[in-house]
Structures are given as structure tokens and as C-alpha cells.
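So the structure is just underneath, and the comments pick up after that.
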Amino acid sequence: MSRLFALVDCNNFYASCERVFEPQLEGKAIVVLSNNDGCVVARSNEAKALGIAMAVPLYQIKELVREHGVVVRSSNYALYGDISQRVMAILARFSPHQEIYSIDEAFLDFTGLANPMHTATLLRNQVRQSTGIPVSVGIGKSKTQAKLANFCAKKLAPFCRDGICNLAAFSESEFLRLMANIPVAEVWGIGKRTRQQLAKLDIKTVAELIQADANMIRQQFNVLVERIIIELKGISCLDLEEMMPEKKQIVASRSFGSLVVDVEDLEGAIANHVHRAVDKLRRQQCCATMISVFINTHRFREQDQQYHPHRTVTLVQASQELCVFQKAANVALHDIYKTGYGYKKAGVMLSGIQSMAIEQTDLFAPSVASNRPLMQVMEHINGQFGRGTLRTASELLGKKWHMTQNLRSPRYTTCWDELRVVG
């Protein structure tokens with residue numbers, strides 16, 4: 001039996017999340033900003049139609065925003081993350097195998113379905129009814145085809161039906177005619193450098209890539225490009241990854257809303273980053289042997305003296321204990337901190353990550369097992385009442401390091417104080 005994959009992608013996800021609890025925003029141009037309200041990281045279709053580019057700084061489009069009444073929002077990660085989990089839970093009902101590819105995308109195994117278009121329609125309707133999020137569905141004989149089909153579902157209306165495109169139902173001639181109109185840049189896995197190399201070989205469309213000489217491709221490119229072409233032809237080389245691979249490094253960092261000069265403010269920021277990183281470490285049931293701390297001045301303020309130090313601390317034995325890492329991070333911070341600088345960003349990185357299943361202790365090191373019940377209690381309370389309900393004292397230090405989020409919408413689904421009130 002030939003394989004069949006579906007890629008479900010939430011349309012303009014951040015902007016769509018903003019509309020869920022504010023339906024009056026439907027049809028209006030919306031942009032969502034990066035940390036500290038700096039650059040545009042998400043746009044509704046209406047904002048794209050106005051020519052607002054991705055990653056453009058807000059100050060450069062202020063006149064456009066004012067003239068067209070563009071709705072501007074700060075990133076609301078708590079809301080986006082919660083709605084994403086709800087969407088993914090619904091998608092899991094429609095397939096025995098699911099790969100969550102990103103916050104707004106998931107691959108599903110549709111192999112063996114008698115009517116994949118009907119299933120895709122039910123899926124779209126269920127997600128929209130239950131979460132308010134519109135999705136597009138691309139169906140193909142491989143993951144690469146499914147990804148391309150999703151592009152067609154969004155961009156090429158004549159070849160899709162109600163936000164669904166099934167490339168597996170196309171004849172070979174129909175498929176090639178469609179691919180002749182799609183730039184090779186839209187193929188999953190084809191980066192800028194590869195695209196430039198293909199252009200030199202006069203390969204500019206997906207159809208030209210599929211029909212390219214196999215020997216020439218093998219000589220000019222690595223095996224990845226050859227595998228992409230095989231996938232485009234409908235032969236599956238990539239299976240679903242139902243378990244997310246363990247991260248070899250975990251980074252938690254953030255820019256400050258204003259320049260930070262006091263070490264106490266930096267201590268609070270670093271402690272919060274450590275907590276976030278350790279949460280991720282524990283979720284993948286791993287421990288780490290090293291933690292690196294870095295602080296950076298504002299690299300775009302040329303008039304300021306620059307300073308970008310970092311320091312790595314190696315633990316005697318691998319750990320996943322919050323207090324252990326916060327203590328080590330604090331030592332590293334005081335080693336690199338210098339007065340007289342205004343710091344714009346700080347962060348931590350956990351490395352030397354290994355599974356708890358192969359944890360190796362040290363004969364001469366003190367046991368840290370007694371801290372594990374404390375960590376479990378913190379996780380339980382924060383899981384029930386929301387992240388940050390229970391924190392270490394270090395995380396409460398300072399005020400100036402918090403992000404600027406002057407335009408953030410309420411955290412409707414994760415914060416009791418910001419629930420939508422119906423009167």
C-alpha cells in the first residue's frame with residue numbers, strides 16, 4: 001500500500017489567535033511584533049496585501065499603520081502556545097500517527113483512508129469550530145509532496161477545494177503542469193544557496209527539478225537534494241517522527257525592554273532563563289552537565305562601548321535540578337559582569353545533555369536526589385495554576401529586565417485575571 005501524508009498548517013497563526021477572542025478583527029490588517037515590540041514576526045493576509053514585509057521594524061511602517069488602521073499586537077506566547085496545544089490535540093483524533101512539526105504545523109498519516117478529502121474537510125471544520133483557527137491541508141504521497149500541496153491549498157485556488165489540495169489525486173501530466181507554475185524556492189528543504197546553484201543550471205520551477213538529470217543532480221549536489229526529488233516524485237523517503245528528538249543544547253534568552261546596568265536585574269533575568277531551560281530539560285527527561293551564561297550590550301548602539309562575554313560552568317555530575325543550575329549560573333554571571341555597561345540581552349545554554357535513563361553519578365560527589373521531590377512539587381503546582389506560580393527567590397530580583405509588551409492582548413486561556421468576561 002502506497003503511503004499518504006497530510007500537512008495541516010494553521011493560517012497566519014499568530015494573527016488568527018488574536019482574532020479568536022476579538023472577532024471584530026476579522027477582515028482587518030493585523031501584525032504581531034517580536035520581543036520588546038521591535039519587528040513584525042506575523043501578518044494577516046490583509047497586512048501582507050498592504051506590502052508589510054516580514055521582520056520589518058515597527059518604526060519603519062508607522063505611517064502605513066496609521067494610514068490603514070493596522071492592528072498592532074505584542075507577541076502573546078502564552079495564548080499562542082495554549083491554542084496550539086488544543087489544535088494539535090484535535091488533529092491527533094484524525095490519524096493514528098502524528099508529527100508536530102512546529103507550533104502551527106503537523107504531519108498526519110493518511111495511509112489507507114478511503115476518502116482523504118472527506119477526512120480533511122472534517123478535520124478543518126472541527127479545528128475551526130473548536131478553536132476558531134482556520135487551517136489548510138495539503139495531501140501527498142510523501143511528506144515533501146504534502147508540504148507542497150499545503151502551499152497550493154493556500155496560494156493556488158484553482159487547484160484546491162475549501163483550503164485542501166490533494167496532489168496524490170493528480171495524474172502525472174496534471175501534476176507536472178501544476179509544478180511548472182511553482183518556483184523551486186517553495187520546495188521544502190531547498191535553501192537559498194541550493195536555489196542559486198539550481199538557477200545556474202536553469203532549474204527554476206518544481207517541474208524542472210523533478211525532470212532534471214539524476215546523474216547531474218548527484219554530481220552537483222548532496223544526497224539531500226536527490227532525496228527531495230525522489231519525494232517530489234511521490235516515493236516516500238521520510239517517515240513521521242512521532243517522538244520529538246532530544247535537543248543536544250537548550251537555549252533560553254531574551255532581549256530587555258530597556259538597557260540594564262545593575263547586576264541584581266541581570267540575576268533575576270538569568271534565574272528566569274535557567275528556570276525555562278530546566279523545564280525543557282525535564283520535559284524531555286534528560287539531565288545536563290554544563291551551563292553557559294552570556295550577557296550582551298546593545299550591538300546596534302555604535303556610540304556605546306561593546307561587551308559580549310560568556311562563561312561556561314561544568315558540573316561535577318549531570319543534573320536536572322533547578323537550584324543546582326541557578327547557583328552555577330549566578331557564579332558565572334558574577335565572573336563576567338562588569339560595571340559601566342548597559343546590557344541589552346542575557347541568556348543561558350544547557351549542554352552536555354544526556355538521558356536520565358543512563359544517568360551516571362559520582363562516587364565522591366554529594367547526592368542531589370533529595371531535591372527531586374521539591375522539583376516535582378514545583379512542576380505540579382505550576383502545571384495546575386500556570387507557569388511562574390511557584391518560583392525561586394532569585395527570579396523575583398529586579399524589574400528592568402522584563403520585556404516590553406505594551407500592545408499584548410490578554411492571556412485569555414492561561415491567566416485567571418485575564419479571562420474574557422461575558423456580561
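The values are calculated or read from the model by the stated rules, or taken from the named source; none is laboratory data. Model, not experiment: these values are computed from the prediction. All Cβ positions, even for glycine, are placed from backbone atoms using ideal geometry, and neighbour counts span all protein chains on display. For accessibility, only protein heavy atoms count, side chains too; no ligands or nucleic acids. Shrake-Rupley method; radii C 1.70, N 1.55, O 1.52, S 1.80 Å.
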Within the stretch 191-202, considering residues that are under 27 Å from the mean Cα position of the chain (by Cα) and of a type outside the set (Lys, Arg), the one surrounded by the most Cβ atoms within 10 Å (Cβ to Cβ): 194
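Against the definition (touching a residue at least 60 places away in the same chain (Cβ under 8 Å) and not in a loop (DSSP other than H, G, I, E, B)), how does residue 59 come out, yes or no?
The answer is no for residue 59.
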Within the stretch 203-234, how many residues are open to solvent by 100 Å² or more (accessible area, probe 1.4 Å) and either under 30 Å from residue 347 (Cα atoms) or modelled with pLDDT of 90 or more (or both)? 3
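From the list 270, 295, which residue is buried (at least 24 other Cβ atoms within 10 Å of the Cβ) and in a strand (DSSP E or B)? Spell out how you get there, then give the answer.
Values: 270 fails: in a strand (DSSP E or B).
On inspection, the qualifying residue turns out to be 295.
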Being under 22 Å from the mean Cα position of the chain (by Cα) and in a helix (DSSP H, G or I) is the filter here; which residues of the stretch 118-135 pass it? 124, 127, 128, 131
Of all residues in the stretch 353-406 being among the aromatic types (Phe, Trp, Tyr) and either within 30 Å of residue 58 (Cα to Cα) or assigned to a helix (DSSP H, G or I) (or both), which is modelled with the highest pLDDT? 385
In the stretch 164-177, is there at least one residue being in contact with a Pro (Cβ under 7 Å, 6 or more places away or on another chain), open to solvent by less than 80 Å² (accessible area, probe 1.4 Å) and closer than 24 Å to residue 5 by Cβ? yes
Taking the criterion of being more than 28 Å from the chain's Cα centre (by Cα), of a type outside the set (Gly, Ala, Ser) and open to solvent by 80 Å² or more (accessible area, probe 1.4 Å), would at least one residue in the stretch 245-264 satisfy it? yes
Just for the stretch 136-159: of the residues that are under 21 Å from residue 233 (Cβ atoms) and not in a helix (DSSP H, G or I), which one is nearest to the chain's Cα centre (by Cα)? 138
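Out of everything in the stretch 87-135 that is closer than 18 Å to residue 238 by Cα and β-branched (Val, Ile, Thr), what residue ends up being most open to solvent (accessible area, probe 1.4 Å)? If you could, list the steps in order and put the result at the bottom.
Step one: filter the stretch 87-135 for residues closer than 18 Å to residue 238 by Cα, giving 95-102, 105-112.
Okay, now just the ones that are also β-branched (Val, Ile, Thr), so 100, 111.
Details: 100: 72, 111: 44 Å².
Filtering first and then ranking leaves 100.
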